[in-house]
1. How much accessible surface does residue 205 have with a 1.4 Å probe, in Å² rounded to 10?
2. With the crude spin-label approximation of a point 7 Å out along Cα→Cβ, what separation in nm comes out for residue 49 versus residue 5?
3. With charges only on Cβ, +1 for K and R and -1 for D and E, what is the dipole size of the chain about its Cα centre, in debye, rounded to 20?
4. What label, among (1) 24.2; (2) 13.2; (3) 17.1, belongs to mean projected area of the Cα convex hull in nm² computed from the structure on display?
5. Using r as the Cβ-Cβ distance of residue 110 and residue 21, and R0 as 41 Å, what FRET efficiency do you calculate, to the nearest 0.05?
6. With a 1.4 Å probe and every protein chain kept in, tell me what percent of the accessible surface of the stretch 170-250 is carbon plus sulfur.
7. Cα axis of helix 19-28 to longest principal axis of the chain: angle in degrees, 0 to 90, nearest 10?
8. Determine the order of 257, 51 by accessible area, beginning with the largest, at a probe radius of 1.4 Å.
Amino acid sequence: MEKQEYLIGDIAAITGLSRDTLRFYEKRGILTPKKKPNGYRYYTEDDLYLLVRILFSKKMNLGLDAIETLMASTPLDGEHRQTLNQQIEAEISAIRFHKQTLARLLSIKKIYEDLEECRDHFCLKPFPACRVLHTMDSAADGLKQWFLLSRQYAGLDMVYIYDCYRYQSGFSLDEAKITYDHSQLLMYEEVMRRMEPEYDFSECEAFGESAPCIFTIAEVSAVAPCPSVVSAMRRWAAGQGIVASPKIYVTSNFARLKDGICSYYQEIYIPIISS
């Protein structure tokens, strides 16, 4: 059966490709239209099948060089399989990257929402379910460990640095002392599910605090919790008939520099003993 012939305008209308793109493919030798005596170039179903292959391959995010390589080989060719396997690995990495980027954006959005709702406002809130990656004896070591993990493993820049302090009462709440105890690197379970980080959490213990916490967000000029803020939180709890633990967990977000002064939006959790 005689093959149907198509002019370049017909092919452009059928495929949605521009004439310039079709001429580019012709120049690359991918398409080889025939010439009639009158000088017109014409295409056949063979060219349409080739364009089906090209467009499908482009949907696999393959470049034109790789597409040409695949088209010149058989499905059983080693180079054919190698190209496909390399692209599969590249797409898996890209998916993981986009999941991690989305997880970062959603995490920042949640921080914005909490900041709007809880800044300078006290409430009861459970500590986020999380895993403990490391426990350090100093805040400086916590920072160093954060940078080490974030360099070694994609996605672990989403680990939170929590500094743990202890409250020591005085003759009054305003005379209380707050002393540093340790620092921990924590990964929220929700973030772990979203971002699929390249890290084995199977040996990381779950964070031990399960009781509700007194919670607030305060803007401060130091990473250590402000004694007046902690005292106000405890006064609020006492007014609600709530007994607060001496433990204080603090993470500092959004360090910013204004007029030469560094400030933070600090999330403060104080576990409760009873209510």
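1. The accessible area comes out at roughly 140 Å².
2. Here the answer is 2.0 nm between the modelled labels.
3. Numbers: 32 positive and 37 negative charges, 151 e Å.
It comes to approximately 720 debye.
4. Structure-derived value, by its label: (1).
5. Values: r = 44 Å, r/R0 = 1.08.
Computed FRET efficiency for residue 110 and residue 21: 0.40.
6. Values: 2030 of 4040 Å².
In the stretch 170-250, the share of accessible area belonging to carbon and sulfur is 50 percent.
7. For 19-28 against the chain, the angle is about 80 degrees.
8. Result, largest first: 257, 51.
The values are calculated or read from the model by the stated rules, or taken from the named source; none is laboratory data. The structure presented is a predicted model; accordingly, all values stated were derived computationally and were not measured. Glycine also receives a Cβ, built like all others from the backbone with ideal geometry; neighbour counts cover every protein chain displayed. Accessible surface is based on the protein model in full, side chains and every heavy atom, while ligands, DNA and RNA are left aside. Shrake-Rupley method; radii C 1.70, N 1.55, O 1.52, S 1.80 Å.
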